[in-house]
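Remarks on the structure that follows.
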């Protein structure tokens with residue numbers, strides 16, 4: 001069908017056509033992005049990157065209303081596209097009692113938003129050839145070599161234990177499908193063991209591992225999805241494989257190169273004034289100051305002896321933005337490369353088998369369902385319309401127990417960070433998903 | 001010699017370029033991929049272009065004219081107005097037959113038609129405007145917005161005395177289920193006790209939407225939410241939600257957010273006095289296709305003389321062909337028309353993607369000839385053909401559409417960038433769906449050069 005001519009002008013024309021053709025394909029595959037060699041936090045005009053200033057007001061209204069309705073004390077949001085900041089705002093207060101306004105440099109408890117950072121730590125070690133997804137976890141944690149699987153209770157109410165059909169793998173660890181759990185979502189004997197033995201209340205990570213070695217897996221590896229302490233286990237593996245503490249490794253390899261200045265596993269004395277107050281909703285839905293949610297009391301003023309890869313970090317909105325933008329850039333920010341592009345893609349692809357994406361496995365508003373799966377340490381929406389979501393294909397994200405959230409949309413090249421500090425209770429608005437509706441409702445010209 | 005030259009050329013062209021050249025040729029024959037960057041249509045020009053200029057064959061389009069004209073000649077159809085567009089350009093805009101037989105009034109382009117269920121996609125857009133404002137999410141339970149529905153039960157079956165067996169819903173029906181006819185509501189056209197309640201309580205003839213909701217709160221769902229598909233008054237329920245979340249009446253909300261920005265001058269929920277002479281007469285067909293003029297269908301505003309006290313999001317609109325074309329072209333343009341944006345592109349995509357579980361696409365659920373089946377699903381307030389070949393249709397991937405009880409129909413084919421609107425007024429005809437689906441086939445066969 002294509003006849004190659006021999007005369008020079010036609011050759012040039014054919015060559016020119018060939019050069020023009022890739023433009024039609026730019027819509028099909030992500031365009032190769034020039035690395036962002038300098039991170040400029042200057043806010044650009046929304047229209048310059050395809051957003052509508054007018055429609056972004058919906059986003060502001062949603063956030064402001066949550067504050068006005070006293071459902072949330074204060075918020076910091078940051079929206080970027082193509083590596084440029086489009087919208088970066090504060091709302092409400094960091095502390096209600098002292099009337100302290102929310103500021104951009106407020107430090108927040110990330111809780112489970114720590115998990116993607118731990119994921120990157122693991123992928124750095126993966127790039128060094130230190131582990132493979134198909135390796136059994138017990139290769140790195142021999143204490144787990146004899147874990148059994150819970151298979152119901154017998155007539156006397158005692159656990160029936162069976163052998164795992166296969167040794168749980170690293171891939172299963174990284175995607176919450178290995179059989180671990182947290183112990184507060186159910187009331188099986190396994191859950192009760194977690195609550196009684198309290199692996200996360202250990203004085204160091206080895207003790208946590210030793211405790212976990214005595215608790216059966218909740219289900220056959222690969223045959224279920226349960227939100228779990230898997231990333232705390234990964235934190236232990238990072239320490240074991242790197243010879244550094246988890247905070248040390250994360251500092252040297254992630255937060256320092258990315259200039260995440262206030263990110264870490266505790267808040268030093270000189271920064272405590274910027275540390276946000278934690279709130280929760282009481283039974284009437286009113287905001288009250290709270291200590292940590294969950295079962296583990298946490299002192300954020302010192303470096304923890306059992307640092308939690310599943311929930312131990314603190315950061316500002318801007319710190320986490322730098323992390324997320326690095327991921328959006330395929331592993332690099334400001335000239336500092338943390339991961340290779342293919343590693344980012346491996347980490348942020350869905351790794352949960354389709355037969356588990358039924359809607360029965362979930363945590364909070366994150367429901368594993370058609371189009372919505374989980375990669376390594378992050379959720380992945382690989383078919384957004386199927387999942388009822390407006391973002392682009394391949395969007396990956398997570399959230400935290402204090403309500404913080406973020407997402408990276410590699411198709412539309414959008415990054416969003418939302419930081420609040422409210423740990424539940426009636427009347428907490430679903431800011432994470434409402435912000436998506438408003439942000440994508442404002443993305444009127446994706447071609448820009 | 002020729003083969004040597006071939007070799008020489010290949011050495012000049014990098015392999016990747018050769019690959020993309022050949023891919024482009026393949027690509028030209030396939031439907032276009034997802035949303036091309038659409039240049040905003042800054043002014044809407046109704047001058048028809050030559051069909052060939054946008055890939056159609058004038059000669060093959062004659063089959064479409066014949067399809068409609070034959071029905072008029074057989075006296076099975078009184079008149080029609082059709083608009084066919086591609087790439088936002090009008091390919092043809094025609095009238096056929098008459099608007100009223102008794103007075104021999106010819107059909108005109110400015111005739112106003114009863115849209116009936118073609119109202120549903122506009123209610124869908126109203127809901128998506130509120131979605132963009134963060135007012136609701138698809139996974140929210142309906143009862144978050146309609147607490148009256150918090151205690152709905154499910155009719156699991158009928159006992160020996162013919163009474164409903166009621167059970168709790170396995171989950172509270174969601175907004176997504178409401179938007180896809182999978183929540184468990186109905187129109188009451190079945191033979192179960194719950195269906196009878198729709199008629200006995202005169203749900204669709206309520207004095208206002210709150211009364212409709214209060215009545216519905218007493219009727220069980222027809223099946224477990226998410227486990228069936230049944231054409232229903234869900235869009236009337238959405239109309240209530242639009243009013244509740246916006247603080248405006250449905251007609252006013254639609255006017256301010258949809259009709260006015262899109263220049264849909266005659267669209268509304270009634271026909272005012274100064275426009276009534278342009279209002280088409282509605283005809284009823286008997287099973288043999290013979291027509292006689294009649295009153296409007298059961299339940300929806302009976303005369304359209306005044307603004308309804310119960311605005312029907314499922315079937316209460318009237319409009320001209322051109323009004324509805326503007327609405328459909330806005331959707332085809334990813335949410336914008338002539339510089340006025342109604343929805344963002346990702347919102348249009350979300351609305352017009354298939355949202356019914358694949359396990360329901362079996363062929364057992366549907367309405368008329370619109371049967372949900374492999375490749376043919378339902379999005380938010382519209383049917384969606386996501387795999388035309390599997391669904392035995394010749395349209396492009398992602399074609400979305402709907403129709404109304406008086407026989408009006410439209411479709412948007414985003415892959416081929418086609419919009420088609422056809423307005424008739426023929427109720428209870430055995431032939432309405434057949435005409436609609438045959439028009440898809442006939443229009444598709446006239447598109448001989450999709451690359452144009």
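Values in this text are rule-based calculations from the coordinates and carry no lab data. Everything quoted here is computed from the prediction, not taken from an experiment. Here the Cβ positions follow ideal geometry from the backbone for every residue, glycine too, while neighbour counts run over all protein chains shown.
For segment B:131-246, count all C-alpha to C-alpha pairs, find those more than 18 Å apart, and express that count as a whole percent of the total. Mind showing how you got there, number by number?
Numbers: 3080 of 6670 pairs.
More than 18 Å apart: 46 percent of the Cα pairs in segment B:131-246.
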Equivalent ellipsoid semi-axes - Cα gyration tensor, chain A, angstrom: 37, 29, 21
Net lengthening on full extension, residue A:214/residue A:303 (0.36 nm per residue, minus Cα-Cα): 29.3 nm
Crossing angle, helix A:114-127 versus chain A [Cα axis fit, 0-90 degrees, rounded to tens]: 70
Residue A:143 versus residue A:288: modelled label distance in nm, points set 7 Å from Cα along the beta carbon direction: 3.7
Contact order normalised by residue count of chain A, Cα under 8 Å, 6+ apart, percent: 22
Largest-first principal axis extents, alpha carbons of segment A:121-167, Å: 50, 17, 16
Relative frequency of Cα-Cα separations exceeding 14 Å in segment A:184-236, percent: 54
Spatial extent of segment B:45-138: Rg and Dmax, with the Cα atoms as the point set, Å: 17.8, 52
Between helix B:119-132 and chain B: long-axis angle, C-alpha atoms, 0 to 90°, nearest 10: 80
Order of B:437, A:182 under a 10 Å beta carbon neighbour criterion, fewest first: B:437, A:182
Cα principal axis extents for the protein assembly as shown, largest first, Å: 92, 90, 57
Spacing of the two label points (7 Å from each Cα toward its C-beta) at residue A:358 and residue A:346, in nm: 3.1
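Based only on Cα atoms, what Rg/Rh ratio does segment B:214-310 have, Rh being taken as Kirkwood's radius?
Working: Rg = 17.2 Å, Rh = 16.6 Å.
Over the Cα atoms of segment B:214-310, Rg/Rh equals 1.04.
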Of every Cα-Cα pair in segment A:386-448, the percent that sits beyond 19 Å: 32
Gyration tensor (alpha-carbon) shape descriptor, segment A:308-443, a/c threshold 1.5: rounded
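Return the percentage of antiparallel bridges among DSSP beta bridges fully within the protein assembly as shown, rounded to the nearest 5 %.
So the antiparallel bridges amount to about 90 percent of the total.
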Two-decimal ratio, segment A:324-371, of alpha-carbon radius of gyration to 2.2 N^0.38 Å: 1.52
log₁₀ of I(q)/I(0) at q = 0.13, 0.16, 0.20 Å⁻¹ - segment B:400-452, Debye sum with one point per alpha carbon: -0.34, -0.49, -0.70
The protein assembly as shown, helix-only ellipticity at 222 nm - DSSP H runs n ≥ 4, -39,500 (n - 2.57), divided by all residues, nearest 500: -8500 deg cm²/dmol
log₁₀ of I(q)/I(0) at q = 0.11, 0.22 Å⁻¹ - segment B:341-452, Debye sum with one point per alpha carbon: -0.35, -1.32
Highest to lowest packing among B:175-184, B:66-75, A:209-218, scored as the average C-beta count within 10 Å: B:175-184, A:209-218, B:66-75
Kirkwood-type radius of chain B, with distances r between different C-alpha atoms, in Å: 23.0
Per-q log10 I(q)/I(0), segment A:126-242, q = 0.12, 0.21 Å⁻¹ (Debye; single scatterer per alpha-carbon; no solvent): -0.39, -1.21
Relative contact order of segment A:313-363, defined on C-alpha pairs under 8 angstrom at six or more residues apart (%): 19
For segment A:83-143, average projected area of the Cα convex hull in nm²: 8.0
Rel. contact order, % - alpha carbon contacts under 8 angstrom, at least six apart, segment B:131-246: 32
Nearest-ten-degree value, helix B:432-446 long axis tilted from longest Cα axis of chain B: 10
